[in-house]
Every structure is written in structure tokens, then in C-alpha cells.
1. How far, in degrees from 0 to 90, does helix 249-262 lean away from the longest principal axis of the Cα atoms of the chain, to the nearest 10?
2. Relative contact order of the chain, please, whole-number percent, based on alpha carbon pairs below 8 angstrom and at least 6 residues apart.
3. Taking percent of Cα pairs over 35 Å apart as the quantity of interest, determine which of (1) 18; (2) 27; (3) 44 was computed from the displayed structure.
4. Report, in deg cm²/dmol and to the nearest 500, the calculated mean residue ellipticity at 222 nm for the chain, where each DSSP H run with n ≥ 4 adds -39500 (n - 2.57) and the sum is divided by the residue count.
5. What order do you get for GLU338, GLU121, GLU250 when you list them from fewest to most C-beta neighbours inside 10 Å?
6. Taking the Cα atoms only, what angle lies between the long axis of helix 216-235 and the longest principal axis of the chain, rounded to 10 degrees?
7. Roughly how far apart, in whole Å, are the Cα centres of the range 67-91 and the range 176-216?
8. Per residue of the range 311-320, in order, report the coupling 6.51 cos²θ - 1.76 cosθ + 1.60 (Karplus, θ = phi - 60°) as ³J(HN,Hα) in whole Hz, putting x for Gly and Pro.
Amino acid sequence: MSPTDLPMPTARIPVPTRGCDCTACPFWAGPDGTGGPATVEALCSGTNSDCSYCGCSRAEADAPSGVCGTCPIRCPSRDNLRAWMADVGATLAFDDLHLADHGLPRLPGYIPQVDGTNVAELDEHLHWPAYAVGLRRVFSPRSHRIYPRWREGARAHDLLGLRPGQKAVLSGYGEDPLVEAFWSLRRRDQLIEQIAAQGWDLVLACNYSIYGNWPRLEHLINMRRSLLLATEFADAGLAVAPNVYWFRLEDLERWAQWIADTRPPAIAINAQTMRSAADWDRWLLPGLHWLAAQIPAELPVIITGLSRPDRIATATHLFGTRLTLLNQTPQAYGLHGEVMGAQGRRRVHASTPDAFRSSVRYFASLMPRTSEVHP
């Protein structure tokens, strides 16, 4: 049973204070950093100065009820915030969440993400150890159901046409509407059971976004939701790498403490939305440096979305042979007869399978482990 299944009287659920009033918030760390009355952790050091939602009319004391129904942002002034807090287990902490450990499959240093079709053709003459498929190829963003081809006993290895010993990885990342729909389904447990029945060797758990112009509460709820979903996948019997996202140093410190306490089989970091130089320099790179120095030296790290050789080189320098890289570049380029190589992106007018195989080998050559796998 997940924390969201536990009944709790609504009146007892702590909620942040309307208008982002830190001094009255039960989760504010306070000037001494010891934590608010709802937690002993220093969950939040204060409001996000870059928030674009601080002028919301709902923050006014006389605001009418029901005005938050169409707003996707969970801020302290929401009229249904207590329901959202109940939905994440009435807390924003991590210390009640533990990941069932089903081990980690043997992974190569590089895993290509594909669309789930014609994998056998792409893999011809390649025989790659593992392939990944994105969540939107399995779970429909329109119907909010598993696609028909993935239902009723369908096995991931069979549908992908994998050879014996090849691994199937479900990359649970997607655009915000997709992962929000996944979370909001009334019987999410049944959906996860369907996915578990597909026999994936590893699931990279969904990540919920943290944008710089969002309220701090949205960050805290989304980190909690990401970890909650990871525990639900693991409870269904799947090997899971939880997604680690952060906005402040205190977030990284909480993640490091949770990792030290629970020893997950691996962690995953989604870098797909961190494309600009500013994102890399100000957010992703400092966080990677901090994690490399603080998490256990043997903990495998799976990063999705890096494709620039210089950034890959930095990541491999930080994490060494425990790093696995996953991206969609070989198939995306291959569809246009393009390859990624030492000379950069080039149009060579090759067939999609040939271009795909060339790019896969190139990315693998950038990793400390090429055809080798985790022991």
C-alpha cells in the first residue's frame, strides 16, 4: 500500500500557507534550518524569487472558491491544496518512502531509445545489449490508456523483437500532460500492474517537472510524486531507477540522505529538457558535480538526453564506469539519413538502419564501458 492509499482526516493534513507566507508555513525551514512543525527536515528554505505565479488573485483573503480548477500549478493559495497534499501522502518529505530492491539488470554504457517499431531491423548486425522505449509509445496521451498492442499479455521483449539476453527498458519520461495524466488516473495501480506484466527489465520512473518560474511548493510536490511513482513501480515487482530532480542545494542534500538511507539499485536523471547553455551551466552541471561527490561511489547513474560529446565527456569524467547514457538521437537522425559522429551531425543519405547503427556505435565509443555491462 502506498502512502496515497492511507486514510487521513482532512483537518489533520498540513498545508503551506496562502500567499506563500513562509513564517506560517509548516514546511519552512526557518532561519535556523531545523524544519517546520510538520517535519524535522529542512524541506524548504523559502519562496522562489523567480516565481511567475506570486501575483495570483487566489492569494487574496476574499478570493472566491473554485477558481483553481483549471490551473495546472500547485501553489499555496490553491483552494483544493489539501486534496493535493492528501494525494501525495500528506507530507512532502522522503523519509517514509522505501524502494523495493529487485536488483539492476546488466546494462551497457549506452542504450539507444527507439519508438518500439522495427527494432529487429535496426538491431541487425548490431546485436545491442539493451533498448529503451519512451512512455508515450506505451501509454496514450489521448486516451490515457495502454495502447492496444501493449495490452492483454503482451511482452515487451516479444513486441520489440529482442533476442535472448537483450534488455528492454521503459523510459517513463514524457511531456507534462502525459505524466500528469498517468498520475491522475483513478486506478493507477491497475495501470502499473499492466506495465509490470509486460516484463520490462528496468523502468526509469516518471519525473515531474521543476521549472524555475514555478512556486516552491510545486517543486516539492513534484519531487515527492516522482519518488512515489518509483516506489509504486517497485512494489509491482519491477526493477526501478527513481528520477532525481532538484532546484536547490537543499533538494540535492535530501536526495543524498534518502539514497544513503535506502540504497536504491540506481538513480536516473532526465536531462532532455536541459538543452540550453544556461540550463547546463547553472542547473545540471553543478548538480552533477555535487552528486558525483556525495552519493555512494558504486551507485549506478543513468542519464537520459545528453547527446553533445563535450557534455557526455563531462558526465563520464564525473561518474566513470557506473554511468549509463540513454538518448533518442540515433533513430531521430537515422530517419533523415543522418548520423552523429566525430565530425558532428552529418547527412550521409544512408538507410535508417545503417545510419542508426553508425550513431549507436559512436555514442558507445564515448562511454568508459562500450560493450561491457555492469557486473
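1. Between the helix axis and the principal axis of the chain, the angle is about 70 degrees.
2. Values: 667 pairs, mean separation 66.2, N = 375.
Contact order relative to length: 18 percent.
3. Here the calculated entry is (2).
4. Details: 11 runs with 111 residues, N = 375.
Roughly -8500 deg cm²/dmol at 222 nm, from the helical runs in the chain.
5. Numbers: GLU338 21, GLU121 12, GLU250 16.
Lowest to highest Cβ neighbour count: GLU121, GLU250, GLU338.
6. Helix 216-235 and the main axis of the chain meet at about 50 degrees.
7. 18
8. Going residue by residue, I get 6, 4, 4, 5, 5, 5, 5, 6, 10, x Hz, with x marking Gly and Pro.
Where a number appears in this text, it was derived from the coordinates with a stated rule and is not lab data. Predicted model only: the values in this text are computed from it and were never measured. Don't worry about glycine lacking a Cβ; one is built from the backbone with ideal geometry, like all the others, and counts go over all protein chains shown.
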